[in-house]
Amino acid sequence: MTDPEILLKMTGIAKSFPGVKALDGVDLEIAPAEIHALLGENGAGKSTLLKILAGAQSPDRGTISFEGNDVTLPTPQAAQKLGIVTIYQEFTLAPDMTIAENVFIGREPGSRLFLNWSKMAAETLKLIRRIGLERSPMTLVRDLSVAEQQMVEIARALSMHSRVIIMDEPTSALSLAEVDKLFRIVRQLKSEGISIIFVTHRLEEVIEICDRFTVLRDGRNVGAGKVSEITIDGIIRLMVGREVNALFAHREDSGAGEVALAVEGLTRRRSAHDPHATELQDVSFHVRRGEILGIAGLVGAGRTETARAIFGADPFDSGRVLIDGQPVDIRSPRDAIKHGVGLVPEDRKQQALFLSQAIRTNLSIAALDRIDRFGLFIDERKERSLVEEYRKLLNIRMASIDQAVGNLSGGNQQKVVLARWLALRPKVLIVDEPTRGIDIGAKVEVHNLLFEMARSGIAVIAISSELPEVLAVADRIVTMREGRVTGEVMRADATQEKLMTMMTLSAAGRAA
Amino acid sequence: MTDVKRETAENAGFDLFGALARFAPLIFLIALMIIFAVLEPRFMSSINLFNVMRQVSITGLLAIGMTFVILTAGIDLSIGSLLAFAGLVAAAVAKGGMQDRFTVGEGVIGYGWQLAALAAIAVGVCGGMLQGLAITRLKVPPFVVTLGGMSVFRGAALLFAAGGPISGFQPDYTWWGQGKIGPVPVPVIIFLVAALLAHIALRYMRYGRQVYAVGGNPEAARLSGLNVNWVICSVYVIMGFFAGLGAFVLSARLNSAEAVAGTGYELTVIASVVIGGTSLFGGVGTIFGTVIGSILIGVLLNGLVLMNVSSYIQQIIIGVIIVLAVAFDTFAKSRRRKA
């Protein structure tokens, strides 16, 4: 490598999970006092690599050396002892404790039994002033903004005398001004000799702040080097890879019909019930029968919130939803299903699957009307033939339909969820991150299924953070940013760069 | 495709642990019976075995209801108190009021066993519904609601009974607790029929699917179009129904109802359900398991009595068993996660 001095070196790291080979011999080198971008699409293996570095998971193979010495990181404590601290995308702060308590949680100064509050407060004050957080150490974390909470996380990392701070998508929930402030802090940390591993999807940020980069794809290194010697396009090419572009074939004609679903002026204000959800402001769009509408946006753009509001999973304040031109009153997922709307949620394990239960019951749960007798009993023969039908149709690979769905690979699990909704014969199907965390082969299969659904006349709304995916599946693309629709473009006229611009455009840019 | 290969590899081989976990309660029960049969010859006599079953049938009825509750990841601690209250109401109805409460004999006609049974069940169902509504509408955790219910219903029972028992029913009333059909005690038949019906409801009805779904993953159930609050409320109603039915059968067996009846039943009943393989995390369990679990607890207690083990030690044993059963469940769950 160009840098003679290496602080942290990971060599040949491999890690497999049942169903997925997450990492297959990955190398990573971090120099002292550098800002290093770790890049890759979702599922490329970044988070697994970071978890290994944080001591949260152990690699199957590979070595880690720190300052030239081989080390093992069996626990998060071991990583912290070396000065490797991770700031996760979802903060790990206790909201009802003070800044000082959060900074020193688990390492409170004082005697064995009693806290030394004044010392804790004084040390915290020093730390938070160093990074420019103008708050009292006794402020409750609950009362801080997201950006301020992030600064508390950074203060905590500093209090552990960190040498390497890993920041996982640190800018995803910040406003532009807050991002600027964060970058000042990051540069300051660098000048103090701390190395930063910076994970982001916003490539302009890489160019702006990072010194070097490493790109992963499908669990392997595909490129590394100096940021000054590469362009955003070059990074995108590395991340996406030519062969994937060839795999993601899109379909030729859409043959879209009547408008199946229209959303008009959907608005959702921040609620105390769910403070982290993005506010929606005047979201309007429509989707036609047989059409696939893509919704693109960065994390926090309000894509998932929009889908959940349409489906009745979350309430909204104003606006209306029309199905086949008729306004409908959808207050719960039950209502949505009655009107022929289905939702494949973004987190299949938390929101869709009954992991310990059989594939058969997972698949049929929403379509009991199709397999019941006298409205009360389940006709198991009908159920089995229904499940077998969708198993063949979707090519779900399983030993038996009575096996627990939790034992399937991610791709096959997702097919079970898709089958559940297909069995309902929906008019409109919303799929939120339909290929998150599944193999590339299964991704292509899921895309083909979406095409098949559209061909059969279903209006499909596909939400995805992966631009190549949106470009591959959608006939028409709507972009969102911070709870608003920022643009609409036909697939034929769309490129990744164009979409990225529409997704990241500021309000001023939009008005122009 | 590597995917195909992996899928077959995952499912190749017989899941020994899974099979063992499934039949563990039955194997444990048979082993226990063999041990008691060897140590104490009186244990295997048909009189004793029917006696065990008669005792099991009351807690068994409650355990059937509790299975529905625990399948939704809930818990009901109020059942012992609710049973006492429902039993007293049934007894008062059977005696036609409170004035003849201690008359033992044929002099008092009252309103008959039919209305008495109905009254017990109505009390149980209403009590269960109140708790179900508190859980789903007020969003108070089941543990807290039913802990409160435990005190409320016990208080109601004490108030209603004004301190003393209500005893002495007509023979057609006591038949439900003491009678036999052939050699088989009536409560045992009630228990087994109830178990069969509950099994059908859970295994073959839409309702059962909804219970498992809500217990397995409430958010996924809601997003699949299920009315989660309705399902949760319903299991407490079912629990209340069985508490009422159990109260009627118990008062018939004892020819008496009293305010302290059913004290500590919640522990025995929850132990029966959990030992039967129903997961306290919800979504996993069967009525068959609960029947085995109930019999297992009954056999254990009976065997210990026959061997003159102090009832204090029995309590200790039940407490330890419930913790071990849950530990086993947690272990099994972590294995399922890894799979």
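Bear in mind that the values in this text are calculations on the coordinates, not laboratory data. The shown structure was predicted, so the numbers you read here are calculated from the model rather than taken from an experiment. Here the Cβ is made from the backbone with ideal geometry for all residues, glycine too, and neighbour counts use every protein chain on show.
So here's what we get for this one:
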quantity: Listed residues A:84, B:216, B:190: farthest to the positive end of the dipole of the protein assembly as shown (Cβ charges); calculated: B:190
quantity: Long pairs among A:51/A:415; A:392/A:443; A:126/A:181; A:21/A:392; A:81/A:126, criterion Cα-Cα beyond 23 Å; calculated: A:51/A:415; A:21/A:392
quantity: Charge dipole (chain A, unit charges on Cβ, about Cα centre) - positive-most of A:313, A:159, A:223; calculated: A:313
quantity: Chain lengthening between residue A:107 and residue A:145 when straightened (0.36 nm per residue, less Cα-Cα); calculated: 11.2 nm
quantity: Projected-area average for the protein assembly as shown over all orientations - Cα convex hull basis, square nanometres; calculated: 42.1
quantity: Estimated inter-spin distance, residue A:334 and residue B:200, nm [label 7 Å along Cα→Cβ]; calculated: 2.6
quantity: Sorted by Cβ density within 10 Å, fewest first, the residues A:88, B:236; calculated: A:88, B:236
quantity: FRET efficiency, residue B:42 to residue A:78 (Cβ-Cβ, R0 60 Å, nearest 0.05); calculated: 0.50
quantity: Order of A:264, A:29 - criterion: other Cβ atoms within 10 Å of each residue's Cβ, fewest first; calculated: A:264, A:29
quantity: Theoretical FRET efficiency, 1/(1+(r/R0)^6), r = Cβ-Cβ of residue A:399 and residue A:16, R0 25 Å, to 0.05; calculated: 0.80
quantity: Top positive-direction residue, dipole computed over the protein assembly as shown with Cβ charges, set B:160, B:128, B:324; calculated: B:160
quantity: Percent of alpha-carbon pairs separated by more than 36 Å within chain B; calculated: 22
quantity: Semi-axes of the equivalent ellipsoid for segment B:202-305, Cα gyration tensor, largest first, Å; calculated: 30, 17, 11
quantity: Rough spin-label spacing in nm, given labels placed 7 Å along Cα→Cβ, for residue B:178 and residue A:389; calculated: 5.9
quantity: Neighbouring partner chain Cβ atoms per residue of A:375-385, average, 10 Å criterion; calculated: 2
quantity: Charge dipole (debye, nearest 20) of chain A; +1 at Cβ of Lys and Arg, -1 at Cβ of Asp and Glu; calculated: 780
quantity: Peptide A:359-368 - average C-beta neighbours from other chains (10 Å radius); calculated: 4
quantity: Nonlocal amide H pairs with residue A:196, under 5 Å, H built at 1.01 Å; calculated: A:34, A:35, A:36, A:165
quantity: Charge dipole (debye, nearest 20) of chain B; +1 at Cβ of Lys and Arg, -1 at Cβ of Asp and Glu; calculated: 620
quantity: For segment A:8-246, Kirkwood radius (reciprocal of mean inverse C-alpha pair distance, Å); calculated: 18.6
quantity: Ratio Rg/Rh, restricted to segment A:33-156 and using Cα atoms, in which Rh is the Kirkwood radius; calculated: 1.02
quantity: Average beta carbon contacts from partner chains per residue of A:311-323, 10 Å cutoff; calculated: 1
quantity: Ranking of B:126, A:210 by count of other Cβ atoms within 10 Å, fewest first; calculated: B:126, A:210
quantity: For a label point 7 Å along the Cα-to-beta-carbon line of residue B:49, residues of segment B:271-295 with backbone N under 19 Å; calculated: B:291-295
